[in-house]
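Asks: My questions will all concern the structure given below.
Nothing in this text is a laboratory measurement; each read-out follows from the coordinates by a stated rule. Just so it is clear, the structure is predicted and the values come from calculations on it, not from any experiment. Using ideal geometry, Cβ is built from the backbone for each residue, glycine included, and neighbour counts are taken over all protein chains shown.
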Amino acid sequence: MSRTRFLVYCALAFLMAVPVAQASLVWRPGEGWSDESGGDISASSSRDELETAHKLEAQGQRDDALKAYRSLLRRWPLSFFAPEAQFRMGKILEDEGDFNSAFQAFQKMVQKYPSSNYFEQAMGEQYRIANLYLAGEPQRIWKIPVGPSMVKTVEMYERIIKNAPYGTYAADCQFKIGLAHEQQRKYTDAIDAYQKALDNYPGSPVASNAQYQIGYAWMRASSNGDYDQGAAKKAIDAFQDFLVRYPSSDKAAQAQENIQHLGQKQTQGAYNIARFYETQHDPRAAYIYYNEVVREDPNSQQAQQAKKRIQELRPLVQAMPGGLAADGTPAVQTQTVANGPLAPTPAPPASGDSSTTTTNSPTHSEPPAPAPPDTTPLPQ
């Protein structure tokens, strides 16, 4: 037998004698040996590295401590001490004011070591950082502040929810997503976020706040020129739902006040539209909207004025094609289309219709022109 063949046989015999359990030991360049079965053959070395990092951090040498923690994670990512090293990295970055990097460091802790004792602490730190951004912490590029970012804030809250959809911070995060959208004046997105908080966490303490905030967001939208008059009606509905669900809330009195204010605003809006139609010499449309004023708030000052105008416009509307129906509302009017059949006149938008935009000022008498007048009966 040749020397080479003998050596090969010896090597095979040695490999056959090695216990199967040793197959769990894996060598990775830059990391050394690791035990894939869940053990840690380098515990003493990783412990020493952790203690070194602790000492450096205690001495205020944060940059060197970060290097030590990174070294531990690079060489022994499966070590028992790896989760603590990852968490401490986040804390150092947070203490240095690098909040975005800190958030990402905590995210790695949560993703890589979800069973660690540091999981809940890391989630709490992420929540705290997201709250700082909501409060106006500026986004930074190369450590230079460039202003607050609600987009970044929303992303952080969404990440926390994804990490633990029904965890300690999930309901609050969902509610605060709505607050962040409100700061951007994205009221529809804000309302969607509040509704999701209600749907997903109905028993949470934030549920009542979410219901109130839906009304508040619609109320703010009603004062924004990018939203229609229907926003005021939706705000009233949301506040009424709030009072039904949470009658003992400390916000109940404010909700009642908001409803009263919004009702007056709707009445003034309908009155402004009626006045506008009069300036356009369209008595039928004006008549309809004066009736709307009386129906919405019969005891208001605008309603008293609207009643007088209804009486004055009645003969003019009666004399128009179709006249008035038996209940005193304009009868169905039709118009002839050239070379075609008769078609009903398009209806004007109701006070809650999305096609109407009105002014918020009671003294403004020229709101944007709504659609053509209506055939829809309204009570006198």
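Asks: Out of residues 5 or more away from LEU324 or on other chains, whose amide H comes under 5 Å of its own, with H placed 1.01 Å from N in the peptide plane?
Replies: ALA331
Asks: Ranked highest first by the average count of other Cβ atoms within 10 Å around their residues, in what order do 57-69, 166-178 fall?
Replies: 166-178, 57-69
Asks: Would you please put 179-190, 301-312 in order of how densely packed they are, using the mean number of other Cβ atoms within 10 angstrom per residue and starting with the highest?
Replies: Sorting 179-190, 301-312 by mean packing, highest first, produces 179-190, 301-312.
Asks: Now for a different question. Say the dipole of the range 169-273 comes from +1 at the beta carbon of Lys and Arg and -1 at that of Asp and Glu; which of ALA235, ALA197, ASN209 then lies farthest toward its positive end?
Replies: It is ALA235, whose Cα lies furthest towards the positive end.
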